[in-house]
Amino acid sequence: MFKKLSLVLLAAASSAVLADINVGVSLSATGPAASLGIPEKNTIALLPTTIGGQKVNYIVLDDATDPTAATKNIKKLISEHKVDVVIGSTTAPNSLAMIDVAVDNETPLISMAGSAVIVEPMDAKRYWVFKTAQNDAHMATALVQHMTDKNIQSVAFIGFADAYGEGWYKEFAKIAEARKLKIVASERFQRNDTSVTGQILKIMAAKPEAVLIGGAGTPAALPQKALKEKGYKGLVYQTHGVANNDFLRVGGKDLEGGFLPVGPMVVAAQLPNDNPVKKSALEYVTKYEAAYGKGSVSSFGGHAWDAGVLLQNAIPQALKKAQPGTKEFRRALRDALENTKNLAGAHGIFNVTPNDHQGFDQRARVMVTIEKGTWKLTQ
C-alpha cells in the first residue's frame, strides 16, 4: 500500500514538473488592421518554446480586427486551452473588448495596442492588464515638441472614430493646449472608409499649418493622400500606429515629407551607438529579417516581441511560486510582470510599476520623417 501511494505521489510530482505553459494569442491577421497583425503573428513564431525549463505552447487565433471576435477568442483560449496568459490584441477596441474576460478569469492580458486607456487609469480591471506599445502620451509629447520646434501655431486633427482616434485626440489636445498650440479643426473617419474628402475640405477651410492624422495601419494613408490630392501645403504628421511597410506601400509618394514618432526599433540601424535600446532593438530586427527577409520588419512585430521579452523575464519568477495551469501561477505571473525592472526590449526599457503597466519612458520614442519611401531618423 505504501509503495503504491509513493508511486502515485511520484507520478503526480513528475506531472507537475512537466506541465506546459500555455500562452494564448489573439491578433488581427485579417481585416483593416491586418498590416499590423501579420507581423505580430510572424513574430510569435520566433518566440522561445522553452522558458525556465518549461515547455511553452503558443495558441494563436485571428480576430479579424473585430472586437466581438476578440472577445470570443479570449473566452476560447481560457476555457478550452486553459492558457496561463493572453497576448492581444492588435487594436485598442479589440484589446478593450477582451479585458472583462481576462479579469473575470484572473488571467494576465498583455495588449499590443497603443491607446493609453487600456492601462489607464489604474483600477481593479487594469490590475490584470499590461501593454507593450508606447502610450499615446509618450508619442504626443514628441509630436508637439516637433511642431513647436517648427514654429507651428495651428493644427488640425483627423482620426479614427474609435478608441484609438479618441484616445489620441484627448492626449494630443491636452499637450497642445499646454504648449499654446491651437487646434482649429477636428474630424473623424472609419477604418474601412474609402473617402475622406468631406473631412479634408473642412480641415483645409480652417487653414491649419499642420495636420495630425490619428490612425493606424494602411487606413491612415487615406487622409494624407486626400490632403495631397487637394493641394495641402502644410506639414502632415502621423502617429506611431502607421510604422510598417504596408503603410508606405499604400501611401506611396503622397507620404513623402510626413513626420511621426516611432519606437527606436523602426530605425535601429540609424541609432547612435550609445542609445540604450539599440542592442535589444537590433536583436529583434536581425532575427525577424533572417526569418522573413531583409526590410520586412515593422514596428508592430516589435510589440509582439516585447510581449515575449516580458514573459521570458516573468515566467521564471512565477515558476518559483506555482505550477502552470493554476490560478496561483497566473497570479504569480501577473505579479512578476508588474515588477519588471530595467528590461530592454525592442522598443524601449521596461520599468513596470503598480501604477504604470506599460513601463516606458522617453527612451521608447524617436522622431522620423518619410524620405524616398522609407523611415529616416530626424536629428
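The values are calculated or read from the model by the stated rules, or taken from the named source; none is laboratory data. Predicted model only: the values in this text are computed from it and were never measured. Positions of Cβ are generated from backbone atoms using ideal geometry, with glycine treated the same way; all protein chains shown enter the neighbour counts.
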Being surrounded by fewer than 19 Cβ atoms within 10 Å (Cβ to Cβ) and either modelled with pLDDT of 95 or more or farther than 19 Å from Leu36 by Cα (or both): is that true of Ala281 here?
no
Considering each of Ile152, Ile74 in turn, give the residue that is touching a residue at least 24 places away in the same chain (Cβ under 8 Å) and outside the structural domain of Thr353 (by TED's automatic domain parsing).
Ile152
How many residues does the range 261-312 contain that are outside any helix (DSSP H, G or I) and either more than 17 Å from Arg365 (Cβ to Cβ) or of a type outside the set (D, E, K, R) (or both)?
15
Within the range 100-142, work out how many residues are touching a strand residue (DSSP E or B) at 6+ places or on another chain (Cβ under 6 Å) and more than 21 Å from Pro67 (Cβ to Cβ).
2
Within the range 319-343, how many residues are within 20 Å of Lys131 (Cβ to Cβ) and either surrounded by fewer than 21 Cβ atoms within 10 Å (Cβ to Cβ) or of a type outside the set (A, V, I, L, M, F, W, C) (or both)?
10
Hey, any hits in the range 118-134 for a residue that's surrounded by 24 or more Cβ atoms within 10 Å (Cβ to Cβ) and charged (D, E, K, R)?
yes
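Residue by residue, here is whether (1) more than 10 Å from Ala156 (Cβ to Cβ); (2) touching a residue at least 40 places away in the same chain (Cβ under 8 Å); (3) crowded, with 22+ Cβ neighbours inside 10 Å holds:
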residue	(1), (2), (3)
Asp193	yes, no, no
Lys207	no, yes, no
Leu212	no, yes, yes
Thr218	yes, yes, no
Lys225	yes, no, no
What pairs come up if the first residue lies in the range 159-172 and is under 21 Å from Leu227 (Cβ atoms), the second is in a helix (DSSP H, G or I) and hydroxyl-bearing (Ser, Thr, Tyr), and their beta carbons are under 8 Å apart, counting only those six or more places apart or on different chains?
Gly159/Tyr169
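Okay, residues lined up against (1) more than 28 Å from Thr194 (Cβ to Cβ); (2) at pLDDT below 95:
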| residue | (1), (2) |
| --- | --- |
| Lys228 | no, no |
| Lys233 | no, no |
| Tyr237 | no, no |
| His240 | no, yes |
| Phe259 | no, no |
| Ala269 | yes, no |
| Val285 | yes, no |
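Give me the residue from the range 303-327 that is touching a Gly at 6+ places or on another chain (Cβ under 6 Å) and not β-branched (Val, Ile, Thr) and, out of that set, farthest from Val242 (Cα to Cα).
Checking each candidate, the answer is Leu319.
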Per the list (1) touching a residue at least 60 places away in the same chain (Cβ under 8 Å); (2) among the aliphatic types (A, V, I, L, M); (3) closer than 11 Å to Ser28 by Cα, residue check on Ile87 breaks on (3)
